[in-house]
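Only the coordinates and a few stated rules stand behind these numbers; no lab work does. Computed from a prediction, not measured in an experiment: that's the story for all the values here. Here the Cβ positions follow ideal geometry from the backbone for every residue, glycine too, while neighbour counts run over all protein chains shown.
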Amino acid sequence: MLYLQGSQMLQLLENSLRKHLPESLKAYGTVFHMNKGNPFKVKALVDKWPDFNTVVIRPQEEDMADDLDHYTNTYLIYSKDPVNSQKFLSSSEVINWKQHLQIQSSQSSLDKVIEHLADINLGNVKHTQCFLYMVFDTAKKLLPSLVDTKNLVQSSDKPKPINKEVFKFTSLDVTHAALVNSFWHFGGNERSQKFIERCIHTFPSFCIVGPEGIPVSWCLMDHTGELRMGGTLPQYRRQGLIYHISHHQIHTLGNLDIPLYGHVDKTNFTMQRVAAMLANVRMPCNWNQWNYVPL
């Protein structure tokens, strides 16, 4: 096991992960932001260097003090050889299997390995799988072979116009974390709210403020740079607000030249239509999250 330190090693890791897109997307997106100041203070571990097989990006040990906080205790994994990654991933220096944790990856092929490690460590694991999308301009830059009419989901839907006298585009404040948390599918508790507060504080966030002066639709970025946690107040749905705030988010962040991607639940047909309207490119691999609970 080797802890990669220094800008030169991390830049080499980013360049290597880029060659393995889209399967390396979760790890690549995180390492990209590590090379832009590492705002979430994560670290990268590899089994060997420079010709690594498996890379794990995880928080620093001091940030993982709460054994029950799987939002913080998150590991991003990419492996060139998932079948033979078990030895590396079983190490307590790489993953602390005594904690509640989550693993995210763009590789469904890690499922059997993670399930086996959960059994060995006498824990339960839940696998969540969603569609994975890249924003069009990001895909055009990183994966031009996928930006083809055969891969694009065509949409005949037209966005509803927005009344800019009533709805104002702005940023979220950390005081809005409770609101976001109450609508986040993976949230709704004290630890998830603290995680959302950290996301708002660290990365750009976007919202539409309604006539009451509070956010009515919003989009965030998580600790890996993924576009996540979008939502709209129930009374303002079916007005196209989530399309407009997503479009605003993509346009604004696109000017920063960062990789933009996100996931959509396989049953969330509304957001799938929004992704099509935005011309986001669906990846041939999936977004995966494994939530692990030790017994």
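Most mobile of 214, 114, 77 per a Gaussian network model of the chain (Cα springs, under 10 Å)?
Comparing 214, 114, 77 in the GNM, the peak value goes to 214.
Between 236, 261, 71, where does the largest GNM mean-square fluctuation fall for the chain, given springs only between Cα atoms within less than 10 Å?
Comparing 236, 261, 71 in a Gaussian network model of the chain, the most mobile one is 236.
For residue 67 and residue 35, what is the calculated FRET efficiency with R₀ set at 22 Å and r taken between the beta-carbons, to the nearest 0.05? Don't skip to the answer; put the middle values down first.
Numbers: r = 30 Å, r/R0 = 1.37.
Efficiency, rounded to the nearest 0.05: 0.15.
Normalised by the number of residues in the chain, what is the relative contact order in percent for Cα pairs under 8 Å and 6+ residues apart? Walk me through the numbers before you get to the answer.
Working: 540 pairs, mean separation 71.6, N = 295.
Computed over the chain, the figure is 24 percent.
Using the structure shown, list the pairs from 26/112; 194/266; 98/126; 26/140 with a Cα-Cα distance above 23 Å, or answer none. Don't jump to the answer; show the numbers that get you there.
Values: 26/112 19 Å; 194/266 27 Å; 98/126 16 Å; 26/140 18 Å.
Exceeds cut-off: 194/266.
Take every Cα pair under 8 Å in segment 20-113 that's 6+ residues apart, average their separations, divide by the length, and report that relative contact order as a whole percent. Write down the numbers at each step before the final one.
Details: 144 pairs, mean separation 29.6, N = 94.
Over segment 20-113, the number comes to 31 percent.
Say a paramagnetic label sat at a point 7 Å from the Cα of residue 92, along Cα to Cβ; which residues of segment 121-149 have their backbone N under 16 Å from it?
Residues 121-123 fall inside that zone.
Would you kindly compute the Cα radius of gyration of segment 105-237 and its largest Cα-Cα separation (Dmax), both in Å?
Rg then Dmax for segment 105-237, in Å: 18.6, 59.
How far is the Cα center of segment 31-69 from the Cα center of segment 257-281, in Å?
Each part's Cα centre sits 26 Å from the other's.
When a/c is below 1.5 the answer is rounded, else prolate if a/b is larger than b/c, else oblate, so apply that to segment 181-295 with a ≥ b ≥ c taken from the square roots of the Cα gyration tensor eigenvalues. Intermediate results must be reported in sequence, preceding the final value.
Numbers: a/c = 1.34, a/b = 1.11, b/c = 1.21.
Note, shape of segment 181-295 comes out rounded.
If I model the chain as equal point scatterers sitting on the Cα atoms and use the Debye formula, what is log10 I(q)/I(0) at q = 0.08, 0.09, 0.13, 0.15 Å⁻¹?
Listed by q, the Debye log ratios stand at -0.34, -0.43, -0.92, -1.21.
For segment 150-203, evaluate the Debye formula with one uniform point scatterer on each Cα (no solvent term) and list log10 I(q)/I(0) at q = 0.19, 0.23, 0.26 Å⁻¹, rounded to two decimals.
Those come out to -0.77, -0.82, -0.91, one per q.
Pairs of Cα atoms under 8 Å, at least six residues apart: use those to get the relative contact order of segment 58-187, whole percent. Please report the intermediate quantities before stating the final value.
Numbers: 74 pairs, mean separation 22.7, N = 130.
Computed over segment 58-187, the figure is 17 percent.
How much of the DSSP beta bridge set in segment 189-295 is antiparallel, as a percent to the nearest 5? Please report the intermediate quantities before stating the final value.
Numbers: 8 of 9 bridges.
Counting only bridges with both partners in segment 189-295, antiparallel ones make up about 90 percent.
Picking from 140, 80, 36, which is most flexible by a Gaussian network model of the chain using Cα springs under 10 Å?
With Cα springs under 10 Å in the chain, the top fluctuation among 140, 80, 36 is at 36.
For segment 75-137 and segment 162-236, compute the distance between their C-alpha centroids and round to whole Å.
Each part reduced to its Cα centre gives a spacing of 28 Å.
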